[in-house]
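The values are calculated or read from the model by the stated rules, or taken from the named source; none is laboratory data. These numbers were taken from a predicted model, which means no experiment stands behind them. Here Cβ is always computed from backbone atoms with ideal geometry, including for glycine, and neighbour counts include all displayed protein chains. Just so you know, the surface numbers come from the protein's heavy atoms only, side chains and all, with ligands and any DNA or RNA stripped out. Shrake-Rupley method; radii C 1.70, N 1.55, O 1.52, S 1.80 Å.
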Amino acid sequence: MDVVETNRIGYAGGAVDVLVDTAGWDASRPQLWPSVGMYPCYDELLYDLMTLDEVRNTAYRTALERTAPGRSALDIGTGRDLNWAIEAVAGGATEVIAVEGMPETYEMARERLADLEWGDRIKLCQGLSTDLNLDRRAELCVSEIIGDIGGAEGAAVVLADARRRLTTPDAVFVPDSCATFAGAVCFDDIFGGDTGFFAESLDLLSQAFTIHNGPFDVLLGVANAGPDALVTDHARLEQLEFNGDLAVTGDTSATLTVRRPGRVDGLLLWIELRCLPGGEPVNSLTMRTNWMPVYLPLFDRPREVRPGDRLDLGFRYAPAEDGVHPDYSVTARLHTAAGEAGGEHHVRHRPTDFRAHPVYERLFPAR
């Protein structure tokens, strides 16, 4: 029985057809999601996934147990459940300023705070940390504004601002670092044929289209993909050092080498997050966590490759027009015995393209 069907989803001002995977959640096979943290939008499902993510939670909890005792803390992007503000207090922080920029999420956080017996040690603020002023600088900054591409939610700009204005010179930042890696893949070979968006993720898709006043080529998240999807080796494209030299722009080149016969039409990007220096990383490709790898299409059709073939990459990012979220640009040149092929892909905070690549033409069929 077919599990992919065409649904019409609405957004403020219109509607659009989209392919949907109706089979339900299955951790044994890849499933497609809209990756929406950079746009930004969240729903109850995403907050539930984050709160129940023990891989992520254990890494943060361990870091806060070591860093919070005796320190005042700033929690940027505290979220619905005040996770890290609560963990910081439990770990021994003297007080926590918890900041939430999304109005609906702030209201849910406010209700959560009202239920805490020791909520007087947490002060909840609505707004953006970049607009915040503190009477006394924090000695610890904890945040979870990490995207499926590490810096996609504006972590570099936001935390550089916090380091400059809101924390003491010797303040500790949790997490410590985040790297984004890439390897070449073939979209159809990951999914084994036709696919659509996981049915329960359609609300996120509608939210994103409403925020941007119409449909666009959303960043594609691939849940349950693992290293076996990679046709090449991998390379680091973005490195964010939150306790070091935190760059808000980047320009990286890398060469990927084909390791096995197969097909290539794009990249899979994933993160490796360390909450403590030298600590065990959270890896979104090899671990089950709320972060997921994302697929970036490069070529208009799959290209046959053999071991030793090369894919040269250029990767650039810089703050977008809002001055916070980055725009990403990837250029690629594939070298094979049969010839060469070029491709590119742009991930913009204010996206404009719609159905600009064959993958998106299939996911959003025209009437």
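Under the simplified labelling scheme, the N224-E111 pair shows an inter-label distance of 3.1 nm, with each label point 7 Å from Cα along Cα→Cβ.
With a Förster radius of 35 Å applied to the beta-carbon distance between D120 and E241, the computed FRET efficiency rounds to 0.50.
Here the calculated FRET efficiency for A337 and A254, from their Cβ-Cβ distance with R0 = 25 Å, stands at 0.70, rounded to the nearest 0.05. Quick one, which of [x] 71, 51, 36; [y] 64, 42, 38; [z] 59, 41, 36 is the actual Cα extents along the principal axes in Å calculated for this model? After the calculation, the listed value that fits is [y]. Computed with a 1.4 Å probe over protein heavy atoms only, the accessible surface of the chain comes to 42 Å² per residue.
Value of Rg to Rh for region 244-367, rounded to two decimals, is 1.00; Kirkwood radius and Rg both from alpha-carbon coordinates. Amide hydrogen proximity for D176: with H placed 1.01 Å from N in the peptide plane, the residues at 5 or more positions away or on another chain lying under 5 Å are R274, C275, L276. Just to be sure I understand: of the beta bridges DSSP finds with both ends in the chain, what percent are antiparallel, rounded to 5? Antiparallel bridges: around 75 percent, rounded to the nearest 5. Using the Cβ-Cβ distance between D322 and V4 with R0 = 35 Å, the FRET efficiency computed as 1/(1 + (r/R0)^6) comes to roughly 0.50.
Annotation: extensible slack from R164 through R350 equals 64.3 nm (criterion: 0.36 nm per residue apart, minus Cα-Cα distance). Among L267, P40, L205, flag the residue with its Cα farthest along the positive direction of the charge dipole of the chain, charges on Cβ as +1 for Lys/Arg and -1 for Asp/Glu. So the residue furthest toward the plus end is L267.
Of the accessible area of the chain, computed with a 1.4 Å probe over protein heavy atoms only, carbon and sulfur atoms account for 46 percent.
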